[in-house]
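Notes follow once the structure below has been shown.
The values are calculated or read from the model by the stated rules, or taken from the named source; none is laboratory data. This structure is a prediction, so every number in the text was calculated from the model and none was measured. Here Cβ is always computed from backbone atoms with ideal geometry, including for glycine, and neighbour counts include all displayed protein chains.
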Amino acid sequence: MEFYLDPIFHMWFVLGLTLCAVVAFARDKWPLEVTSVGILTILLLFGQFFPLLNAQGRNQLDAMTLLSGFANPSLVAVLALLVMGQAVIQTDALRPVSRLFRASSPLFAWISIFAILIFVLGVSAFMNNTPLVILAIPIIQALAAQVKLSESRIMMPLSYAAILGGMMTLVGSSTNLLVSSAMEELGYSPIGFWDFTKPGLVLAAVGFVYVVLIVPRIMPERRSMTEDFVGSEKEFIAEFDVAPSSSLVGMECEEGRFPQLPDLNVRLIQRAGQLILPPFEGYVIEANDILIVAATRDSLAQILSKHPGYLLSEDEADILSKFHSEEEGEEEPRDLDDKELARSRTLAEVMINPGSRLVDMSLEQIGFHRQFKTIILGIQRRARVVRRRLGRIRLEAGDVLLVCGSRTAIEDLRGNQDMIVLSGSKQDLAKVKKAPVAAAIFLFVIALAAAGMMTIPVAAITGAVAMIATGCLNVRQATRAVDRKIFLLVGSMLALGAALKTTNGAGYLAERLLELPFVDTPLALAVVLFIIVAITTNVLTNNACAILFTPIAMNLANEVGIDPMTLAITVIFAANCSFASPIGYQTNLLVMGPGHYRFGDFIKAGVPLILILWVTYIFVAHYYFGLNGLWFK
């Protein structure tokens with residue numbers, strides 16, 4: 001069944017759907033991939049029942065057109081580069097470089113911190129920056145501890161340096177590749193590997209000066225979680241099971257607090273299937289109640305020391321006793337008293353990686369204590385209130401787990417690719433024999449692409465296959481490296497971008513931009529486009545922003561007579577300005593936990609950086625791209 005409507009209806013429908021997509025991504029109420037697939041499904045249904053016919057009678061919104069983005073060469077190249085990056089991490093190919101930053105004195109520690117930021121800035125131009133940041137976080141933590149520098153002063157500069165480095169070459173960021181691909185689909189020449197390296201280097205250099213000299217000074221000093229987390233949204237969510245023999249039974253809430261739990265914020269009481277929410281004034285704790293509480297790490301540690309029965313169930317205490325007995329070589333597990341239990345445990349924080357296989361799995365499904373021989377005491381999640389039992393919480397990238405286990409068990413977690421140990425010992429990892437092979441493949445592939453001997457999609461796929469063929473990683477590990485969020489988001493946004501172009505929605509938006517005040521010269525137009533994209537990329541994801549604004553930029557270039565390549569590069573620079581939001585870029589999410597950051601910290605440091613890059617871009621646009629306007633002639 002098909003219905004034929006005026007083409008103007010198609011344009012307004014697609015524009016409305018684009019607005020809904022922006023709102024959905026900004027609210028982050030549903031997972032990114034759910035929103036993406038939902039948008040794609042609506043487009044497919046709309047194109048099926050309300051076809052938009054061209055002069056030859058072909059439906060321009062059919063499934064083949066809308067789904068073609070999933071076979072886009074640049075999308076495939078991005079996924080292949082993720083596999084190559086995972087192989088570099090899997091083989092520890094960068095470990096020899098990281099050893100150069102070991103510090104023997106406080107002075108050398110300061111030099112090493114600066115050298116790491118320079119290293120991340122430079123290498124991010126040629127590889128996925130997420131693995132780089134994952135590698136650098138524990139090294140930065142160790143160096144910061146040596147010079148008594150708060151991690152909150154240096155973790156954000158690490159993320160920003162990685163993002164700035166991605167502005168310098170075509171493979172520096174998936175955003176860059178997707179803009180180039182969108183240009184090709186619109187009939188323009190693709191962007192070359194080095195086409196924006198010079199202006200990108202200028203922007204990166206100016207931004208790096210701000211990142212190194214200013215950001216550490218304006219970030220609050222948070223040496224411990226207690227100083228930052230009390231009363232904030234970034235506490236650990238923990239669970240107390242009240243046993244019939246517990247001393248908590250019969251305790252009444254007074255003035256919003258329970259007397260034996262003065263430092264805890266009780267968020268929820270679950271009683272016989274009934275959920276009781278605050279205020280709890282007058283409520284009495286009963287046997288078999290389940291308390292969902294928010295507390296700092298230190299508060300939980302104190303409770304575990306004084307009253308382990310509050311946090312650890314009998315089963316969990318038995319598990320720790322069993323692991324302790326195994327490590328001591330005892331044939332039969334035995335009950336540990338509180339003092340022995342204290343000696344046998346180590347507290348550590350571990351963060352879930354963006355590419356972890358644990359993402360979207362509940363703690364019950366994972367069986368964390370069986371797999372990793374540690375007990376989860378609490379979970380910390382950015383800017384969200386979690387009111388549910390720990391076992392039912394589905395993990396997200398960036399979640400920080402407070403775990404309890406033996407020192408050996410914590411050390412074993414350091415070798416796990418699904419998480420980063422943020423605290424605990426700093427034992428070196430064993431050298432992997434495949435590291436030279438992985439490094440050679442990576443450098444060879446990048447060299448071929450940079451020299452123009454291979455297109456980037458061909459080079460990336462060849463490199464990914466070579467990594468698997470040489471045993472640098474197996475098929476399962478390669479599959480885990482493929483980020484389904486990127487795949488679904490980019491494919492869906494390419495479909496929406498195609499619909500914007502086909503229905504002339506992009507042209508309509510371009511015309512409205514030209515009607516803005518002061519947009520009467522090429523330079524003014526480019527400057528306004530830059531700041532609009534830079535703001536939007538902190539609300540949406542950088543990839544979605546790049547795909548949506550590229551067709552608009554191309555229409556603007558045609559209307560004003562600017563070289564389309566200039567505005568495409570403008571979109572690349574602006575879409576990479578994901579500095580003012582922790583959800584704007586994966587590396588921001590990675591450093592949020594280790595740096596003990598709040599959402600507002602990224603706004604405080606990121607907005608000035610965006611404005612600095614915007615002003616710098618004005619001079620780049622005039623002196624490098626030759627655009628005139630504003631006060632330039």
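Restricting attention to region 589-608, the residues that are surrounded by 20 or more Cβ atoms within 10 Å (Cβ to Cβ) and either among the polar types (S, T, N, Q) or farther than 22 Å from A136 by Cα (or both) total 0.
For region 40-60, the count of residues that are within 24 Å of V533 (Cα to Cα), in a helix (DSSP H, G or I) and polar (S, T, N, Q) is zero.
Just checking, does region 505-512 include any residue being of a type in the set (F, W, Y), over 24 Å from the mean Cα position of the chain (by Cα), at pLDDT below 85 and not in a loop (DSSP other than H, G, I, E, B)? Yes, region 505-512 contains at least one residue that is of a type in the set (F, W, Y), over 24 Å from the mean Cα position of the chain (by Cα), at pLDDT below 85 and not in a loop (DSSP other than H, G, I, E, B).
Scanning region 446-478 for residues that are buried (at least 18 other Cβ atoms within 10 Å of the Cβ) and not in a helix (DSSP H, G or I) turns up C472, L473. The residues on offer are S152, S159, and the sole one that is in contact with a Gly (Cβ under 8 Å, 6 or more places away or on another chain), among the hydroxyl-bearing types (S, T, Y) and more than 21 Å from I547 (Cα to Cα) is S152.
Is region 272-287 home to any residue that is under 30 Å from A348 (Cα atoms) and acidic (D, E)? No: region 272-287 contains no residue that is under 30 Å from A348 (Cα atoms) and acidic (D, E).
Name the helices (runs of 4 or more DSSP H) wholly inside region 528-598 in which the number of residues that are among the small types (G, A, S) and either over 29 Å from K29 (Cβ atoms) or out of contact with any Cys (no Cβ under 9 Å at 6 or more places or on another chain) (or both) is 2 or more. Per the criteria, 542-560.
Limited to region 599-616, what total is found for residues that are among the small types (G, A, S) and either assigned to a loop (DSSP other than H, G, I, E, B) or closer than 16 Å to L164 by Cβ (or both)? Steps first, please.
If we filter region 599-616 for residues that are among the small types (G, A, S), which is where we start, we get 600, 605-606.
Next, only the ones that are either assigned to a loop (DSSP other than H, G, I, E, B) or closer than 16 Å to L164 by Cβ (or both) stay: 605-606.
Here the count works out to 2.
Candidates are the residues of region 136-170 that are modelled with pLDDT of 90 or more and in a loop (DSSP other than H, G, I, E, B); the one that is farthest from I214 (Cα to Cα) is L170.
Looking only at residues of region 535-583 that are among the small types (G, A, S) and touching a residue at least 60 places away in the same chain (Cβ under 8 Å), we find that the one that is farthest from L611 (Cα to Cα) is A544.
Might you check whether a residue that is of a type in the set (A, V, I, L, M, F, W, C), within 28 Å of S180 (Cβ to Cβ) and touching a helix residue (DSSP H, G or I) at 6+ places or on another chain (Cβ under 6 Å) occurs anywhere in region 598-605? No, because not a single residue in region 598-605 is of a type in the set (A, V, I, L, M, F, W, C), within 28 Å of S180 (Cβ to Cβ) and touching a helix residue (DSSP H, G or I) at 6+ places or on another chain (Cβ under 6 Å).
One residue stands out in region 83-130 among those that are of a type outside the set (A, V, I, L, M, F, W, C), part of a loop (DSSP other than H, G, I, E, B) and surrounded by fewer than 21 Cβ atoms within 10 Å (Cβ to Cβ): the one that is modelled with the lowest pLDDT, namely S104.
For a quick check of your reading: which strands (runs of 3 or more DSSP E) sit entirely within region 256-298 and have at least 3 residues that are of a type outside the set (G, A, S) and surrounded by fewer than 18 Cβ atoms within 10 Å (Cβ to Cβ)? Walk me through how you get there before you give the answer.
Values: elements: 265-271, 274-276, 290-295.
In region 256-298, 274-276 are the strands (runs of 3 or more DSSP E) which contain 3 or more residues that are of a type outside the set (G, A, S) and surrounded by fewer than 18 Cβ atoms within 10 Å (Cβ to Cβ).
When G250 is tested against (1) modelled with pLDDT of 80 or more; (2) surrounded by 12 or more Cβ atoms within 10 Å (Cβ to Cβ); (3) farther than 27 Å from L395 by Cβ; (4) not polar (S, T, N, Q), only condition (2) is not met.
Examine region 184-192 for a residue that is touching a Lys or Arg at 6+ places or on another chain (Cβ under 9 Å), touching a residue at least 12 places away in the same chain (Cβ under 8 Å) and among the hydrophobic types (A, V, I, L, M, F, W, C), and state whether such a residue exists. Looking for residues that are touching a Lys or Arg at 6+ places or on another chain (Cβ under 9 Å), touching a residue at least 12 places away in the same chain (Cβ under 8 Å) and among the hydrophobic types (A, V, I, L, M, F, W, C), one finds at least one in region 184-192, hence yes.
Applying the selection to region 52-80, what residues are more than 13 Å from V490 (Cβ to Cβ) and either modelled with pLDDT under 85 or surrounded by fewer than 21 Cβ atoms within 10 Å (Cβ to Cβ) (or both)? Full working, then the answer.
We begin by selecting, within region 52-80, every residue more than 13 Å from V490 (Cβ to Cβ); these are 52-66, 80.
Correct list: L53, N54, A55, Q56, G57, R58, N59, Q60, D62, A63, M64, T65.
Screening region 558-588 for residues that are surrounded by fewer than 24 Cβ atoms within 10 Å (Cβ to Cβ) and at pLDDT 90 or above and picking the one that is farthest from the chain's Cα centre (by Cα) gives D563.
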